[in-house]
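Working notes, beginning with the structure itself.
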Amino acid sequence: MPDRVMDVSVVQVDPEDREALRAWSVPSRTSFLQPAPTPQALEDRQHEVRGHRLTAVRDTVAGEDRVVATLRSFDSELTLPGAGPVGVDAISTATVLPTHRRRGLLSRMLTADLDRAREAGHAFAALIALEAPIYGRFGFGAATRATSLVVDNARLAFRPDAPAATGSLEFVPPGRTDELAAVHDAARRARPGGLLRDATWWEAAGRRGEGRWLGPRGHAVLHRDADGTPDGYAAYDVTDDAVGRVPNGTVHLRDLTATTPAAYRALWEFTASIDLVRVTRAADRPVDELLPHLLVDPRAVQTGPVDDFLWLRVLDVPGALAARRYLGCGTLVLRVEDPLGLAGANVRLHVAPQRCGADGWVCAEVTTTDAEPDVVLPVGELGSLLLGGTSAVALRRAGRIAATPAAAWTLETLMAAPEQPWCPTWF
Ligand SMILES: CC(C)(COP(=O)(O)OP(=O)(O)OC[C@H]1O[C@@H](n2cnc3c(N)ncnc32)[C@H](O)[C@@H]1OP(=O)(O)O)[C@@H](O)C(=O)NCCC(=O)NCCS
């Protein structure tokens, strides 16, 4: 085994410096099994990472100073149950070249970034894990899940009691993303797990092309309500797989977001009724998708595997528990254990009806305490529970949290939310 202690330097890379960005991008793409970036891909990447923090680990290889590991992070916002968005440290592009793996470079970059984020006042960090076993040891827990759908367009008939589609639809030219961004912003604020897509994100999305949000055959369609206000959009690519002269096209739905059930219905109805198309495929959809409930034949929609999407790392336990609101009531002492020593705490979570808002959500009182805990849980499991997408009862049965069945059930009811957390935003 190679020596784990290496004489390397850790530096920050300016994303505006095209040559430095190229030196940073080549090894990260190698680690992700991608080819070196073309000039166009590098230009697109520069738009994507504008303003982000880019870390590079450099080592002397064959007498040259080379980047061997990368990490990227930026400030974003995450929607919690019953509450507005909170700041989150979004982490991405964690890569280590195969020649330098398993010598502690990821650990070094990641813990430095988490330390910095906690110092900056973030209660959360988040990432999307390429492989599920990597990030638990760093205190992350899977907090949102997503699935894929395959819709047989010919069988997509809406029930008579489904919300009626009364608005209008229009194609949106590439680069014009302001109304799409406004719809997404309203939607992501309304659902746990929603992540901010800032101007940088939309600017990059507007640059359609291979490997982008939408490919060269992509389209974005905006829905307006009867008053002309945008309330939903669908973004999709198409492939035309005609068999002989028999049309057999597929719509690959990249993004469908709506702020009303009527707009949601209209957009599904639209994408599933495009001429020459037989099938609609959608990725990164919520696990409690509304569509099957609207249909005469719910089996027109086949659901694919359910996988974790957003992983959450709590950096401040009292701050994180107080930042969301609750629908149930109850009191628990939680001992949160953090092997990295960043956020461990013994806290009393008290959710009482007197603190209930007009909307039914209750603010918690969170205090540190020396009292004996009702629940002992690792910080990663707290990250999994906080958005309401993971069952505390299941975690207890799996041996991942220590609690009586009654305490686990209280925790489960406190953490529950009316909708499953959903994050369809890659970063
Ligand atoms: C995943 C990756 C970043 C790990 O980097 P690394 O520098 O080898 O990681 P470290 O040496 O810091 O490993 C820290 C610990 O995590 C474990 N670990 C690292 N990668 C792992 C993986 N893919 N699966 C399971 N455990 C893993 C290590 O075994 C080590 O455990 P130990 O402390 O008990 O020995 C690197 O292998 C890589 O770039 N892979 C391809 C790209 C990728 O998957 N990136 C992640 C994007 S989300």
Ranked highest first by the average count of other Cβ atoms within 10 Å around their residues, in what order do 215-221, 36-42 fall?
-> 215-221, 36-42
For the stretch 146-308, what's the relative contact order in percent, using C-alpha pairs closer than 8 Å and at least 6 residues apart?
-> 36
Note down the relative contact order for the chain as a percent, whole number, built from C-alpha pairs under 8 angstrom at least six residues apart.
-> 18
Mind checking the per residue accessible area of the chain for me, 1.4 Å probe, whole number of Å²?
-> 45
Jot down the radius of gyration and Dmax of the stretch 99-227, Cα atoms only, both in angstrom.
-> 20.3, 61
Roll a 1.4 angstrom probe over the protein heavy atoms and tell me the percent of accessible area of the chain that is carbon or sulfur.
-> 52
Over all Cα pairs of the stretch 301-396, how is the pair count split among 5 Å bins, expressed in % and running from 0 up to the last occupied bin?
-> 2, 12, 21, 24, 19, 10, 6, 4, 2, 0, 0
Please work out the Cα convex hull volume for the stretch 9-122 and give it in Å³ per residue.
-> 126
Report relative contact order for the stretch 9-122 in percent, whole number only (criteria: Cα-Cα under 8 Å, sequence separation at least 6).
-> 24
Per the 1/(1 + (r/R0)^6) rule, R0 = 60 Å and r from the Cβ atoms of Gln12 and Val246, FRET efficiency to 0.05 is 0.60
Using the Cα gyration tensor of the stretch 146-308, with a ≥ b ≥ c the square roots of its eigenvalues, what is the shape: rounded (a/c below 1.5), prolate (a/b larger than b/c) or oblate (neither)?
-> rounded
Protection proxy ranking of 59-71, 247-259 - average other beta-carbon atoms within 10 Å, highest first = 247-259, 59-71
Arrange the peptides 313-323, 347-357, 225-235, 7-17 so that the one whose residues have, on average, the most other Cβ atoms within 10 Å appears first.
-> 313-323, 225-235, 347-357, 7-17
Positive-end residue of Ser168, Leu332, Gly121, charge dipole of the chain with Cβ unit charges | Leu332
With a ≥ b ≥ c from the Cα gyration tensor eigenvalues, square-rooted, and the rule rounded for a/c under 1.5, otherwise prolate when a/b > b/c and oblate otherwise, the chain is oblate
Rounded, prolate or oblate: pick one for the stretch 249-361, where a ≥ b ≥ c are the square roots of the eigenvalues of its C-alpha gyration tensor, a/c under 1.5 means rounded, and failing that, prolate if a/b is larger than b/c, else oblate.
-> prolate
Add -39500 (n - 2.57) for each DSSP H run of 4 or more in the chain, then divide by its residues: what number comes out at 222 nm, to the nearest 500 deg cm²/dmol?
-> -7000 deg cm²/dmol
Please find the FRET efficiency linking Arg299 to Leu33, where r is the Cβ-Cβ separation and R0 is fixed at 35 Å, and quote it to the nearest 0.05.
-> 0.45
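The values are calculated or read from the model by the stated rules, or taken from the named source; none is laboratory data. Since the structure is predicted, the reported quantities are computational estimates derived from the model, not experimental observations. For neighbour counting, all protein chains shown are included, and Cβ atoms are generated from backbone atoms with ideal geometry for every residue, glycine included. Note: accessible area is taken over every heavy atom of the protein model, side chains too, but ligands, DNA and RNA are not part of it. Shrake-Rupley method; radii C 1.70, N 1.55, O 1.52, S 1.80 Å.
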